[in-house]
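Single-structure report; data block below.
The values are calculated or read from the model by the stated rules, or taken from the named source; none is laboratory data. Just so it is clear, the structure is predicted and the values come from calculations on it, not from any experiment. Cβ placement follows ideal geometry from the backbone for every residue including glycine, while neighbour counts extend to all protein chains displayed.
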Amino acid sequence: MKIMDFLSKKAIVTDLKSTKKEDILRELLEALINGGEIEKRHRSKLFEALMAREALGSTAIGQGVGIPHAKSDCVDKLIAAFGLSRKG
């Protein structure tokens, strides 16, 4: 499987505004919602799932890269957003 098999082209944020983990996750969720990949009504549940996963251990992999992820019954397929922080 290649990342382009599940990365939503409609959920690519090339200039993240947020700097805190929680806010970045919200920003990426919004990108998925705005891209039509997930339903707006699931926003809170998905955010809670992402935060619960982060509580188990950081999904940071080093050099400023993180791959936050979670499972949820709100989503019926593997889907991803991409965010780049120009500020670092």
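A few comments on the model shown:
- Only one entry of Asp23, Asp76 meets the criterion of being at pLDDT 95 or above, within 20 Å of Lys10 (Cα to Cα) and not β-branched (Val, Ile, Thr), and that entry is Asp23.
- Pair list, Cβ under 6 Å, 6 or more apart: segment 50-73 residue farther than 17 Å from Gly88 by Cβ, other residue among the basic types (Lys, Arg) and surrounded by 10 or more Cβ atoms within 10 Å (Cβ to Cβ): Ala70/Arg53
- Segment 10-31, subset out of contact with any helix residue (DSSP H, G or I) (no Cβ under 8 Å at 6 or more places or on another chain) and in contact (Cβ under 8 Å) with a residue 24 or more places away in the chain, residue farthest from Lys87 (Cα to Cα): Ala31
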